[in-house]
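Encoded as structure tokens, the structure appears first; notes follow it.
Quick note: the coordinates plus some simple rules give every number you see, no bench work behind them. This one's a predicted model, so the numbers in the text were calculated from it and none came from an experiment. Counting neighbours? That spans all protein chains shown, and the Cβs are built from the backbone with ideal geometry, glycine included.
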Amino acid sequence: MIEYSRDIRGIPLWLLREYLQELGSEVAAGGLITGDGWTASLTQLDDFRVGSLTVGQVRLEIQSTDEAWGSIQTALEKKLLRAGG
């Protein structure tokens, strides 16, 4: 079993939940997100502040089987990739 935790900045909780649903998961009562061989939870954190800049952040916690982890990690990283501009 793999346990993964990451604080993600600049992506709202609703959008991160949507990304996880696009990976084939369902949102259960209580907000737990379940997929094939994995479960995830999202927690809204206090805004991250640098000077006058404020950015929202969400904690993502995933528990996954070893088999499911590779595909989840690869697909999620592609969705979280942001290009500057």
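Miscellaneous remarks
- Taken one residue at a time, the phi angles of segment 29-46 give Karplus couplings (6.51, -1.76, 1.60, θ = phi - 60°) of 4, x, x, 5, 9, 10, x, 6, x, 8, 9, 9, 9, 10, 10, 6, 9, 4 Hz. Gly and Pro are set to x.
- For the chain, averaging the sequence separation of C-alpha pairs within contact (under 8 Å, six or more residues apart) and dividing by the residue count gives a relative contact order of 37 percent.
- For K79, net neighbour charge (Lys/Arg +1, Asp/Glu -1) across residues whose Cβ lies under 14 Å away: +1
- Only helices enter this figure: runs of n ≥ 4 DSSP H residues, each worth -39500 (n - 2.57), summed and divided by the residues of the chain, yield -9000 deg cm²/dmol at 222 nm to the nearest 500.
- Net lengthening on full extension, S41/R82 (0.36 nm per residue, minus Cα-Cα): 12.6 nm
- Net +/- balance of residues flanking R6 in space, Cβ distance below 14 Å, scoring K and R +1, D and E -1: -1
- Euclidean distance of C-alpha centroids, segment 7-23 and segment 33-76, integer Å: 7 Å
- Tilt relative to the chain, helix 13-22 - C-alpha long axis, 0 to 90 degrees, to 10: 30 degrees
- About the Cα centre, charge dipole magnitude for the chain (Lys/Arg +1, Asp/Glu -1 at Cβ), debye: 420 debye
- Equivalent-ellipsoid semi-axes for the chain (Cα gyration tensor, √(5λ), whole Å, largest first): 24, 14, 12.
- Calculated FRET efficiency, V27 to T54, Cβ-Cβ distance, R0 = 35 Å: about 0.80 to the nearest 0.05.
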